[in-house]
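For reference, the structure discussed in these notes is given below.
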Amino acid sequence: MSLQLKNLTKTYGSQKAVNAISFDIKEGEIVGFLGPNGAGKSTTMKIATCYVPPTSGEAWVGGFNVAEKPMRVKQITGYLPEHNPLYLDLYVHEYLTFVGKLYGLTGQKLKGRVKEIVDLCGLTPEQNKRIETLSKGYRQRVGLAQALIHDPKILILDEPTSGLDPNQLVEIRKLIKMISQQKTVLFSTHIMQEVQALCDRVIVINKGKIVADDKLEFILKAHATGSVIVVQFEGKIDEVKLKSLPGVKEILTMESFSYKVIADGTVDVRPEIFRFASEQSVSLIGLKQEENSLENIFRDLTITPAMHEKED
Amino acid sequence: MLQVLSKEFNGFLNSLIAYIVIGVFLTAIGLLMWVFPDTAVLDYGYADMDTLFLLGPYVFIFLVPAITMRSFAEEKKAGTIELLLTKPLDDWDIILGKFLANFFLVIVALFPTLLYYYTIYVLGNPAGNIDTPGVIGSYIGIAFLAAAFCAIGILASSITRNQIVAFLLASFFCFLSFLGFDSVSTLNLWSSEALFIKQLGILYHYDSMRKGLLDTRDIIYFLSIVFLTLSITKVILGSRQW
């Protein structure tokens, strides 16, 4: 089952929350939907799950148009809304049974499915507790469980990992990775590492427009602007010579005997620096390559266009 | 629809709401009916249940909104309405499910008052000297009244995400539709239209049912109120689509 958006636009008043976006997610693909807060991620997902209708354009989910066949779309889609709303006064088991019934599951099938999903989401020790007594990580699992109860072909997760502690983060990511086999998954996040951990394709959206839609590695390559290496020597060195090493663009003095070397990214300059240190007969006590961090690329993609607009 | 209905109704039973509602209603009506000398039936001289059916609606004006106020307001506030609306449910499934759950709770609260009927039946002189068909008509009347109030309460709850606002609006609208038209019709301004205005209000139709007169016009009136109010609720619920 695929998910296609064609020229989708949603306006709230005079504000364009989503501005003519199109993409096509094929069956079995896991796609990260990335963008700063307020970029239009949630709106897009709300349209794809029939919660709000598009102003113009079309959304096809599993071959059904959301405007024409919302019931069919809802039946094959599992959705975890932003902030994971839950009926806090229900018990975990009770809640999952209720959601299962809404999808038309009954009797033994429903019972079996609830048990299965409770096991899958690691909720077994918590299944007889009230949802309001659960920790955030477990609530998130309940949210995922309700989205999965009817074994949907398409899974739409809106910021499934926001607000979790690092341990819960790892667990929830693992869980998403596990459940997303043989499903078409679109999940939103504003954390780049998440995309790296979970999927290979990423769609970046900013101010309602798609600014990148590609495999993560291609995006990384396209935005590789050189590398930064932090070096620390034990004693004084010849700064001019350091700067004239092949591949080095610039050096910045940080503190005594410690420099930030900016390389153009064409060659790895670390061996050169190592040799340079031994030539200078100074010990090299630190050599660390700063990743051209995912955050920087994220900023690059989502801030620069806005600045260009301003310049226009 | 049944899933929503049973979840909502269980929600009442699993929280304190149901018991408080039933307790408050029975205490208030019980005191009026048996204790306070002004309204008590014991010294009244007539073996009828008028106290219950005359004063019941006024208790309902406060009690029904207290039950219905959370229906949509709470879901909107907690965001769970998004969950519900993205499940394979028609808007009517949700509205009717909630409406019926609220309505059933009111009926459950009314149920113990059948004991009053039995008491008066036994205490009558001679025993059994009570207008049974009249009482049946009155019960049907108050059930329709409860349905109308529940529908109004559901509508009020769908307008806002604040439960207090929902309660106040619902109380106000219940009061207005119950007594408002009747009071307005007494103004001299439109004496020629007075009857028509009176007929718009619930009181006119409730009164004739209370006397045991089951007229299809009254029944159609109540059903129209419920249908109209719930239809407006549907429009409001769908207004996310505007």
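Taken together, the values in this text are just the output of simple stated rules run on the coordinates, not laboratory data. Just so we're clear, the structure is a prediction, and the values are computed from it rather than from any experiment. Neighbour counts are summed over all protein chains in view; Cβ atoms, including those assigned to glycine, are modelled from backbone coordinates with ideal geometry.
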Problem - For the stretch B:1-22 and the stretch A:86-145, distance of Cα centres in Å - result: 19 Å
Handout entry: Under 15 Å, Cα to Cα: Lys pairs in chain B, sequence gap 8 or more or different chains
Key = 5
Problem - Integer Hz, Karplus 6.51/-1.76/1.60 couplings in order for the stretch A:189-197, x for Gly and Pro - result: 6, 10, 10, 5, 4, 4, 4, 4, 6
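Counting other C-beta atoms within 10 Å, and keeping those with at most 16, which DSSP coil trypsin sites (Lys or Arg not before Pro) do you find in the stretch A:12-117?
A:Lys26
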Exercise for the section: Compare B:Leu214, B:Leu54, B:Leu115 in a GNM of chain B, Cα atoms joined below 10 Å, and give the one with the largest fluctuation. Expected result: B:Leu115
Exercise for the section: For the stretch A:164-169, just list the computed ³J(HN,Hα) in residue order, Karplus coefficients 6.51, -1.76 and 1.60, θ = phi - 60°, integers in Hz, with x standing in for Gly and Pro. Expected result: 9, 7, x, 5, 4, 4
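So for the protein assembly as shown, Kirkwood radius off the Cα pairs, Stokes-Einstein at 10 °C and 1.306 mPa s: how many µm² s⁻¹?
The diffusion coefficient I find is 56 µm²/s.
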Completion exercise
Of A:Met45, A:Met178, A:Met254, the most mobile residue in a GNM of chain A (C-alpha springs, cutoff 10 Å) is A:Met254
Problem - Convex hull of Cα atoms in chain B, direction-averaged projection (nm²) - result: 15.0 nm²
Practice task
Out of all DSSP beta bridges with both ends in the protein assembly as shown, state the antiparallel percent to the nearest 5.
Solution key: 70 percent
Practice task
Distance between Cα centroids, the stretch A:216-256 to the stretch B:198-219: provide it in whole Å.
Solution key: 89 Å
Fill in the blank from the handout: Computed over chain A, the relative contact order (Cα-Cα under 8 Å, seq sep at least six) in percent reads 19 percent
Problem - the stretch B:8-122 - Rg and Dmax from Cα coordinates, angstrom - result: 17.8, 59
Practice task
Output the relative contact order of the stretch B:2-239, whole-number percent, from Cα pairs under 8 angstrom with separation of 6+ residues.
Solution key: 25 percent
Handout entry: FRET efficiency, 1/(1 + (r/R0)^6) with R0 22 Å, evaluated for A:Met71 and A:Ser14 via beta carbons
Key = 0.10
Exercise for the section: Provide a whole-number value for the mean count of partner chain Cβ atoms within 10 Å of the Cβ atoms in peptide A:81-88. Expected result: 5
Exercise for the section: Could you work out the mean count of beta carbons from other protein chains within 10 Å of each residue's beta carbon in B:87-93? Expected result: 5
Practice task
Using a Gaussian network model of chain A whose springs link C-alpha atoms within less than 10 Å, name the residue from A:Ile262, A:Ile191, A:Ile47 with the highest mean-square fluctuation.
Solution key: A:Ile262
Exercise for the section: Could you run the Karplus curve 6.51 cos²θ - 1.76 cosθ + 1.60 with θ = phi - 60° over the stretch A:110-127 and give me ³J(HN,Hα) per residue in whole Hz, x for Gly and Pro? Expected result: 5, 4, x, 5, 4, 4, 4, 6, 4, 5, 4, 8, x, 9, 3, x, 10, 5
Completion exercise
Taking a straight Cα-to-Cα line shorter than 16 Å from A:Lys111, and setting aside same-chain aspartates and glutamates fewer than 8 residues away, one finds A:Glu94, A:Asp119, A:Asp151
Handout entry: Inter-part distance where the stretch A:31-80 and the stretch A:266-291 are each reduced to a Cα centre, Å
Key = 51 Å
Problem - Placed amide H near A:Leu155: partners under 5 Å, 5+ positions off or other chain - result: A:Gly78, A:Thr184, A:Val185, A:Leu186
